[in-house]
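Colleague: Mind looking over this structure? Questions follow.
The values are calculated or read from the model by the stated rules, or taken from the named source; none is laboratory data. All values reported here derive from a predicted model rather than from experimental measurement. With ideal geometry, Cβ positions are generated from the backbone for all residues, glycine too; neighbour counts draw on all protein chains shown. Each accessible area value is taken on the protein alone, full model and side chains, heavy atoms only, with ligands, DNA and RNA left out. Shrake-Rupley method; radii C 1.70, N 1.55, O 1.52, S 1.80 Å.
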Amino acid sequence: MTYYTVGTIVNTHGIKGEVRVIATTDFPQKRFAKGAVLWAFLPNATQPTKLTVATVRQHKQFYLLSFTGYPSINDVEGFKTATLKITADELQADDLKPGEYYYHQIVGLHVVTESGDQLGTIKEILSPGANDVWVVQRTGKADLLLPVIDQVVKHIDLDSQQVTVDLMEGLD
């Protein structure tokens, strides 16, 4: 089964079984909603633990979650450092607007210029601020950092696993 990360448990909160979660999803209200199913992956565990969200609230930059069947701090203490994931079946195409993509759809795409020159493969996505930056791994050269803006990214074709870009002056 394929899983996608939506958050990380960084600590417990209080004595009533709440955990502090740092969200790594664009849809935290949906992923952490009451009744949502999450899978906790612990560093040394062989199998993930299925969790159902019982309560959720926001506190500063964290989401405070409690889970059905885990009513006290003693029950959730072992989940510290767990990565929270959802299954591929829980991804919804209607979460995205036209022209938006999940990171896992972009990583691995081949990058070509409008003139057909092969640049490399997207290996990572950075989110430093105003726009994402794609890290393109090139053969025999340093990685290329491409800002994800309309002037640079011209066409994304998931079926052919290719992104067409216009390398503006100064990018290469």
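Colleague: Kindly provide the GluC sites (Glu not before Pro) of region 70-172 that DSSP labels as loop, not H, G, I, E or B, and whose Cβ sees at most 14 other Cβ atoms within 10 Å.
Modeller: Counting only loop positions with at most 14 other Cβ atoms within 10 Å, the GluC sites (Glu not before Pro) in region 70-172 are Glu100, Glu114, Glu169.
Colleague: Please report the carbon-and-sulfur percent of the accessible area for region 13-172; probe 1.4 Å, protein heavy atoms only, DNA, RNA and ligands left out.
Modeller: Ligands and nucleic acids excluded, carbon and sulfur reach 49 percent.
Colleague: Between Thr52 and Asp117, what length in nm is gained on full extension when 0.36 nm per residue of separation is reduced by their alpha carbon distance?
Modeller: Extra length available between Thr52 and Asp117 comes to 18.6 nm.
Colleague: Need the full-extension length gain, Ser72 to Gln161, defined as separation in residues times 0.36 nm minus the C-alpha distance. One decimal, nm.
Modeller: Length difference between fully extended and current span is 27.3 nm.
Colleague: Another question, then. Going through the cross-link list Lys16/Lys97; Lys50/Lys97; Lys60/Lys85; Lys85/Lys123; Lys30/Lys123; Lys34/Lys123, which pairs have a Cα-Cα distance over 26 Å in this structure?
Modeller: Check vs 26 Å cut-off fails for Lys16/Lys97; Lys50/Lys97; Lys30/Lys123; Lys34/Lys123.
Colleague: Can you show me the helix-derived [θ] at 222 nm for the chain, built from DSSP H runs with n ≥ 4 at -39,500 (n - 2.57) apiece and divided by the number of residues, rounded to the nearest 500.
Modeller: -1000 deg cm²/dmol
Colleague: Normalise the Debye intensity by I(0) for region 87-172, one equal point scatterer per Cα, no solvent, then take log10 at q = 0.13, 0.18, 0.19, 0.26 Å⁻¹ and round to two decimals.
Modeller: The Cα Debye sum returns log10 ratios of -0.42, -0.79, -0.87, -1.53.
Colleague: Apply the Karplus parameterisation 6.51 cos²θ - 1.76 cosθ + 1.60, with θ equal to phi minus 60°, to every residue of region 56-72 and state each ³J(HN,Hα) to the nearest whole Hz, in sequence, with x for glycine and proline.
Modeller: 8, 7, 9, 9, 6, 8, 9, 10, 9, 10, 10, 10, 4, x, 10, x, 9
Colleague: How large is the dipole of region 46-143 about the Cα centre if only Lys and Arg carry +1 and Asp and Glu carry -1, each at its Cβ, rounded to the nearest 20 debye?
Modeller: 360
Colleague: Which longest uninterrupted range of the chain lacks any chymotrypsin sites (Phe, Trp or Tyr not before Pro) assigned by DSSP to a loop state (not H, G, I, E or B) and surrounded by at most 14 other Cβ atoms within 10 Å?
Modeller: Counting only loop sites that pass the neighbour cut-off, the longest clear stretch is 1-100.
Colleague: Oh, and also: Find how much the distance from Gln61 to Tyr103 grows on full extension, using 0.36 nm per residue of separation minus their present alpha carbon separation; answer in nm with one decimal.
Modeller: The span from Gln61 to Tyr103 would gain 12.9 nm if fully extended.
Colleague: What whole-number value in Å² describes the accessible area per residue of region 31-172 for a 1.4 Å probe?
Modeller: Value returned for region 31-172: 59 Å² of accessible area per residue.
Colleague: Aspartates and glutamates within cross-link reach of Lys141: Cα-Cα under 15 Å, excluding same-chain residues under 8 positions apart?
Modeller: Asp117, Asp172
Colleague: Which value, to two decimals, describes the C-alpha radius of gyration of region 50-117 once divided by 2.2 N^0.38 Å?
Modeller: Rounded to two decimals, the normalised Rg is 1.72.
Colleague: Another one. How much space per residue, in cubic angstrom, does the convex hull of the C-alpha atoms of the chain take up?
Modeller: Spread over its residues, the Cα hull of the chain gives 148 Å³ apiece.
Colleague: Please build a GNM for the chain, connecting alpha carbons under 10 Å apart, and tell me which residue among Val19, Val152, Val37 fluctuates the most.
Modeller: Result for the chain, Cα springs under 10 Å: Val152 fluctuates most.
Colleague: Among 136-144, 5-13, 104-112, 46-54, what's the highest-first ranking by average C-beta atoms within 10 angstrom per residue?
Modeller: Highest mean packing first, the order is 5-13, 104-112, 46-54, 136-144.
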